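Below is one structure, written out as structure tokens; the observations come after it.
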Amino acid sequence: MFGMLKLTPPHGWGAVAWELAIVTLGVLIALGAQQFVDGLHWRGEMRDFRTALRAEISDDLATYTYRRDLNRCMTARLDELQRWLDGWRAGRPSKLTGPIAMPTSLVIRTTVWDSRDPETVSRMPLDEKLEYGSLYTEFANAEVHRLDERAAWVELGDYDGATGLDHQDLMRLQGLISRARLRLRRISTNSDRFIKKAAALGIRPVPNPEWPAPDLEICRPILGVG
């Protein structure tokens, strides 16, 4: 046994050390190459995700600029409806000469953000990730306002062609006018804030050329006389 412990490699321990160093170096090179390839892969994933995310946010912001011109028409239509309502309350009934109509609204898209890969997002700087998350939280809140605004205008449409308003109608109509005004104000105020917030990230609204043109029916006066 003692004799076996004295055995030496045929080419000496120096050769063994050299071969071991070569193997170790090969392993380190392979690991480094794998890390380099992985780094390239995730940088590409991050670049593609960030590009798609910023395009989606830009598109969502443009849904607000899309309706800016209609906001004036919506305000004018609500003013008309308020005068119509006040006239009936004062015993001076009048009629509407056209449909109340409904403002065109576009849906906010969150597909890119909702389908984000946790491993990709984990490589994003924390402050950037929080900024994007905050914007999408704002979008979700704005969508609540948009949907309720749309519901209010649908109910206002129940008065198309109305020739008489009783007390219950007057009360309901006032509630719908106030509700539509509130939602319009919230959407307008919030959209200005969203656009400024996104601008800090270098993102601007870019309308989609495939969007339909806004329906301008709501911009035509409908309050008649007598």
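The values are calculated or read from the model by the stated rules, or taken from the named source; none is laboratory data. Keep in mind it's a predicted model, so treat the numbers as computed, not measured. FYI the Cβ positions are ideal-geometry reconstructions off the backbone, even for glycines, and counts take in every protein chain you see. For accessibility, only protein heavy atoms count, side chains too; no ligands or nucleic acids. Shrake-Rupley method; radii C 1.70, N 1.55, O 1.52, S 1.80 Å.
Of note:
- Residue within the stretch 90-100 that is open to solvent by 40 Å² or more (accessible area, probe 1.4 Å) and in a helix (DSSP H, G or I) present: no
- Any chance residue 181 is closer than 17 Å to residue 66 by Cβ, open to solvent by 40 Å² or more (accessible area, probe 1.4 Å) and part of a helix (DSSP H, G or I): no
- For the stretch 201-226, a residue qualifies if it is within 30 Å of residue 162 (Cβ to Cβ) and open to solvent by 90 Å² or more (accessible area, probe 1.4 Å), and the qualifying residues are 216, 220, 221, 225.
- Tally of residues being more than 25 Å from residue 192 (Cβ to Cβ) and part of a helix (DSSP H, G or I) across the stretch 117-155: 7
- Of all the criteria given as (1) open to solvent by less than 50 Å² (accessible area, probe 1.4 Å); (2) within 21 Å of residue 176 (Cα to Cα), the one not satisfied by residue 61 is (2).
- Every residue from the stretch 102-138 that is surrounded by 14 or more Cβ atoms within 10 Å (Cβ to Cβ) and farther than 22 Å from residue 46 by Cβ: 102, 103, 104, 105, 106, 108, 138
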